[in-house]
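Notes for the one structure printed next.
The values are calculated or read from the model by the stated rules, or taken from the named source; none is laboratory data. A quick note: this is a predicted structure, and the numbers were derived from the prediction, not measured. Because the Cβ atoms are built from the backbone with ideal geometry, glycine has one as well, and the counts that use them run over all protein chains shown.
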Ligand code: ADP
């Protein structure tokens, strides 16, 4: 029962919530911007996820994300604020004012400098190193799942697919369903095998999206052919906007066919820090 999994500290009374406008459409239903009135008469900006279907199975899957999110406390991971547990169930999160990273990059193409782009990568690497330390695999790392809080700060969101790995379960075997093929590691495409090291592969695709300011990976190749390209050793090209060689080298290390040849998130974070330092000196 989901009520057992979710700390009652997170229960919110619907009367405290005011919906303001539509932010977007999620997998389960609309997402709204709103305000939460707390006991101290404080008002907090929030994002509200709704769930269209109200049957027990859908509700439980919908609330999985809240259950996962309540376990995290990191400056670059969207925070869960609470849930309305009575139907229609709502999930209340910290609001990211500037929305999805991918559209933000596309809309502001002209205004970005390389340093800001590398800062985003470094912030996400720190979030992912934190997730790795908590034994979580995200499974859907992509620029569409990163939100922009302000121009200097991005946050990882969308924990609908994430899973905790345990000792008995050192990888997660996904069931059939819609999967983000263009972002996925070869072992995930071939065997539906998801680990920290497949998250590393996906993260490098996300870095590529950031450095190309929102290009679609393998744009001209149909989903079904992506795995052939990867098995032939073909990888995403060097992003044209003055991407440092050290950064493209890092991406290629993350795209090693053999998962154990890839760096882990601690190493990735360190390498990004040093790339950032070099760029700042230029
Ligand atoms: P789902 O995972 O169910 O598909 P998303 O998390 O992608 O739903 O949310 C749908 C849209 O709502 C996103 O594309 C984004 O524009 C918006 N959104 C979601 N969460 C937030 C948030 N915390 N702050 C701002 N916008 C958000």
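Condition first: at pLDDT below 95 and in a strand (DSSP E or B). Now tell me which residues in the stretch 18-64 satisfy that.
24, 25, 37, 43, 44
From the residues in the stretch 9-45 that are under 22 Å from residue 158 (Cα atoms) and more than 16 Å from the ligand (Cβ to nearest atom), which one is surrounded by the most Cβ atoms within 10 Å (Cβ to Cβ)?
Kept after step one, since they are under 22 Å from residue 158 (Cα atoms), are these residues of the stretch 9-45: 9-12, 17, 19-36, 44-45.
Those left that are additionally more than 16 Å from the ligand (Cβ to nearest atom): 9, 11.
Values: 9: 7, 11: 13.
Across the stretch 9-45, the extreme among qualifying residues is 11.
Suppose the filter is in contact with a helix residue (DSSP H, G or I) (Cβ under 8 Å, 6 or more places away or on another chain) and within 16 Å of the ligand (Cβ to nearest atom); does residue 106 pass it?
Working: in contact with a helix residue (DSSP H, G or I) (Cβ under 8 Å, 6 or more places away or on another chain): no; within 16 Å of the ligand (Cβ to nearest atom): yes.
No; evaluated as a whole, the condition is false for this residue.
Any residue in the stretch 24-53 that is more than 20 Å from residue 86 (Cα to Cα) sitting within a Cβ distance under 6 Å of a residue that is not in a strand (DSSP E or B)? List the pairs, counting only those 6 or more apart or interchain.
45/95
Residue check: is residue 251 within 20 Å of the chain's Cα centre (by Cα) and either at positive phi or assigned to a loop (DSSP other than H, G, I, E, B) (or both)? It would help to see each step written out before you state the result.
Values: within 20 Å of the chain's Cα centre (by Cα): yes; either at positive phi or assigned to a loop (DSSP other than H, G, I, E, B) (or both): no.
In short, no.
Can you name the residue in the stretch 140-166 that is surrounded by 22 or more Cβ atoms within 10 Å (Cβ to Cβ) and at pLDDT below 90 and, of all such residues, is farthest from residue 33 (Cα to Cα)?
Of everything passing the filter in the stretch 140-166, 162 is farthest from residue 33 (Cα to Cα).
Which numbered condition trips up residue 67, out of (1) surrounded by 15 or more Cβ atoms within 10 Å (Cβ to Cβ); (2) near the ligand (Cβ under 9 Å from one of its atoms); (3) modelled with pLDDT under 95?
Status for residue 67: all satisfied but (2).
Quick check on the stretch 218-233. Is at least one of its residues surrounded by 23 or more Cβ atoms within 10 Å (Cβ to Cβ) and at pLDDT below 95?
Of the stretch 218-233, the ones surrounded by 23 or more Cβ atoms within 10 Å (Cβ to Cβ) are none.
Within the stretch 218-233 (the criterion being surrounded by 23 or more Cβ atoms within 10 Å (Cβ to Cβ) and at pLDDT below 95), the answer is no, since none of the residues qualifies.
Residue 85 passes all but one of (1) under 30 Å from residue 187 (Cα atoms); (2) more than 16 Å from the ligand (Cβ to nearest atom); (3) in contact with a strand residue (DSSP E or B) (Cβ under 7 Å, 6 or more places away or on another chain); which number fails?
(1)
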